[in-house]
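Here's the structure, in structure tokens; my notes come after.
The values are calculated or read from the model by the stated rules, or taken from the named source; none is laboratory data. Computed from a prediction, not measured in an experiment: that's the story for all the values here. With ideal geometry, Cβ positions are generated from the backbone for all residues, glycine too; neighbour counts draw on all protein chains shown. Only protein heavy atoms, including side chains, enter the accessible area calculation; ligands, DNA and RNA are left aside. Shrake-Rupley method; radii C 1.70, N 1.55, O 1.52, S 1.80 Å.
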Amino acid sequence: MQNTDDKSVQKSDTARKEEEILGFWKSEKIFEKTLAKASPRGEFVFYDGPPFATGLPHSGSLLSSVSKDVIPRYKTMRGYRVRRRWGWDTHGLPIENLVEKELGLKNKREILSIGVEKFNETARSFVLQYVHDWKRYVERVGRWVDFDNSYKTMDASFTESVWWGLKKIHEKGRLYEGRKVLMYCPHCETPLAKAEIAMDNTYQDVTEEAVTVKFKVKEPEKHGLPQGTYILAWTTTPWTLPGNVALAVGADLRYEVRHRADGYAIVAKDRALALGLEHANLEKELSGAELVGVEYEPLYALDLSLVADSERGKFARAFRVYPADFVNTEEGTGVVHTAVIYGEDDYQLGLREELPMVPILNPNATYNETAPGFIHGQYIKKAEPLIKEDLEHRGLLFAKAPNTHSYPHCYRCGTALIYNAVSSWFIDIQAVKARMLSENDKVNWIPEHLKQGRFAKLIESAPDWTISRNRFWASPLPIWKDAAGNVTVIGSLEELKQHAKKSGNRYIVMRHGQAGSNVRNEASTNPERQQENHLTEMGKEEVRTAAQALAKERIELIYVSPFTRTRESAEIVRETLGLPPDAVVEDERLREIAVGEFDGRRNEEYHAFFSSVEERFTKRPEGGETFADVRRRMGAVLYELEERYQGKNILILSHGDPLWLLQMAAAGAPAALLERFPYFKPAEAHELQFTPLPHNRDY
């Protein structure tokens, strides 16, 4: 290999040969021909999980790309048609975390302060910044895939497919709203699915100070206990202590009452030595069952005026001992403190015993007004020293010691997760688990041990799938619940339109008649050069004919672009329909698209500036506009008319491209669907199909 600055000379013979092959495939459209050829064995469906577009491919992704290319090629040669459409995973917290860093945001509250629109638009700009690099890499390794027709999870068409799936699941009775204890990220302020927590590097060893707390027994004599008796409970999460509502013991475990200078302590018999109580006088031994029902004094008084009515009455059952089979003597005291909604076992105990469910945290894991006043607004980890100091001052802290344990963290932001009973939407996996296992038996797994090993175990242990997130950059769930609790799940955009409030007006859209620029086939978009671009005689006649057909539409208002050719068209329509002069309203936003440097040049030159129609939404000629710019101003006019008028028949008279994009804005359609809408001929008019829908600034 010669040492030269000419990179083409430095390439090996193998590299040059590969590039020749790639060039041949491209010039002869070999991949496209494999899709067009006869396929007597029909379709072979190839599913491929889409990558995130927020980084460059690495050796692992390129290696898997090669593997993913082999099977479709083989099946193609065996007589199948194998469509291979590229996709991009553009949603989720990983991208949100990148946007937070880019915008210098620290938490969810700051996202809301700048506005969801700005946050999501930044996310949208982030997700596709490496698209061209991915295409270059994947094509260079020889993989055949349809990049130009790629789908993106942020596309409305993809969201619609998700809606369709959720509606089908709902119709089968397997979609439900529930409250369960889930792993919850205080920074992201959202629950996470089990699969997310099982990711690499999620669990980390942490050393924190665990505490043993004294709970003073009320009326101990009723249970044959001496005055000054305390039940000892151990916890690695002192932040949950202000929410304590019960203690749990093992009914079959043995417990002891030990006498110390500061009173009597109840602990599991097998834990007395570990707690340093072996030399304290043994006063009594009893079973856990004998402790059930013992009442104790609350550590903290919760503000019941802030507690929901449904939970307030349950406090008659709070602050006493209950039996639980999750209690053991491997560590701690053999007594478990429970705050009910901040632990999975605790929550089940609370449901069984009808204990009060009282959240003491805000969504960002700071204490709310229900909690004791000295920790209001404090983050849980910062409040722990305050809680321990308070308990020690009141003589209720028996011991504290460092404890090292493996603890889950949010793999996106690194925040320690907490267990939290939150409301979420779930898919009922238990109902289909048996079928999933039987279907797994039919799969030809390579390597084979995965079938009954990791994958089968994953299915067997799978909980119901929590699908909702309390965040911003994602597919919206199409679930509506009315005041009576009735649930409606929308399966498509068309179905959403059927439920949405209908337009209060009728809109007819019309293109101007033939003008001199149309005859010359030149772009005429500069407002300062419009004076000489009049309607032709043919154009005037086209508009008169169209206006006569519009008589049956009972037009009341005409909104028009301020260009000469549109003004002249509007005047002909006004006179034909017998409308007063003030029925015509000019709106500068209805103007022709600005083509900038291409103004006055042939239309073909402007069109050649773009590689595709979709590119016209993002690529801007010097001094000109993108299709996205035009769609925004046309959509703004439409929605403003909707707010301003009720029961009107309104004619919108504009230009070819703006009217094309107006139809798109009215339908809330993505760029990929533009060519499904008709392009207006000169003087052509149609009713605009429009249902006001929720939309972003791009409509």
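The figures follow:
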item: Amide N of segment 44-83 lying under 20 Å from the label point, which is placed 7 angstrom from the Cα of Leu458 along Cα→Cβ; result: 46-52, 60-69
item: FRET efficiency for Asn603 and Thr415, using Cβ-Cβ distance with R0 set to 51 Å, rounded to 0.05; result: 0.40
item: Nearest-0.05 FRET efficiency for Lys68 and Gln129, computed from C-beta distance (R0 22 Å); result: 0.40
item: Listed residues Ala316, Phe677, Ile95: farthest to the positive end of the dipole of the chain (Cβ charges); result: Phe677
item: Set of segment 415-438 residues, backbone N closer than 17 Å to the point 7 Å along the Cα-Cβ line of Tyr176; result: 422-434
item: More than 19 Å apart - percent of Cα-Cα pairs taken over segment 215-327; result: 48
item: Reachable aspartates and glutamates, given that their alpha-carbon falls under 19 Å from the alpha-carbon of Lys168 and they are not under 8 places away in the same chain; result: Glu160, Glu177, Asp428, Asp464, Glu494, Glu495
item: Alpha carbon Rg of segment 445-547, scaled by the compact-globule rule 2.2 N^0.38 Å; result: 2.30
item: Greater than 18 Å apart at Cα, pairs in Lys152/Lys502; Lys216/Lys381; Lys552/Lys648; Lys222/Lys269; Lys172/Lys451; Lys502/Lys648; result: Lys152/Lys502; Lys216/Lys381; Lys222/Lys269; Lys172/Lys451
item: Average silhouette area of the chain, convex hull of alpha-carbon atoms, in square nanometres; result: 44.0
item: Segment 98-238 - Rg (one decimal) and Dmax (whole number), Cα, Å; result: 25.8, 82
item: Heavy-atom accessible area per residue - segment 48-194, 1.4 Å, Å²; result: 50
item: For segment 393-505, size of Cβ-based charge dipole, Lys and Arg +1, Asp and Glu -1, in debye; result: 460
item: Viscosity 1.306 mPa s, 10 °C: Kirkwood-radius Stokes-Einstein D of segment 1-92 over Cα pairs, µm²/s; result: 99
item: Cross-link reach list, aspartates and glutamates versus Lys106, counting only Cα pairs under 19 Å and skipping chain neighbours closer than eight places; result: Glu96, Glu117, Glu121, Glu189
item: Simple Cβ-charge dipole of segment 112-168, Lys/Arg +1 and Asp/Glu -1, about Cα centre, in debye nearest 20; result: 180
item: Space enclosed by the convex hull of the alpha-carbon atoms of segment 350-457, per residue, Å³; result: 224
item: Inter-part distance where segment 337-390 and segment 149-197 are each reduced to a Cα centre, Å; result: 28
item: Glu588 versus Phe24: modelled label distance in nm, points set 7 Å from Cα along the beta carbon direction; result: 6.0
item: Whole-number Å³ per residue for the convex hull built on Cα positions in segment 563-659; result: 116
item: Alpha-carbon spread of segment 37-164, three principal axes, descending order, Å; result: 58, 36, 19
item: Charge dipole magnitude, Cβ of K and R +1, D and E -1 - segment 49-182, Cα centre, debye nearest 20; result: 720
item: Distance (nanometres) between label positions extended 7 Å along Cα→Cβ at Glu283 and Met538; result: 10.8
item: Given Lys29/Lys118; Lys108/Lys400; Lys118/Lys681; Lys194/Lys481; Lys11/Lys619, the pairs whose alpha carbons are separated by over 32 Å; result: Lys29/Lys118; Lys108/Lys400; Lys118/Lys681; Lys11/Lys619
item: Per-peptide average of other Cβ atoms within 10 Å, ordering 471-483, 204-216 highest first; result: 204-216, 471-483
item: Phi to ³J(HN,Hα) by Karplus 6.51 cos²θ - 1.76 cosθ + 1.60 over segment 448-463, Hz, x for Gly, Pro; result: 5, 5, 5, 4, 9, x, 4, 6, 4, 5, 4, 5, 4, 9, 5, x
item: Square roots of 5 times each gyration tensor eigenvalue, C-alpha, segment 383-441, largest first, Å; result: 42, 15, 14
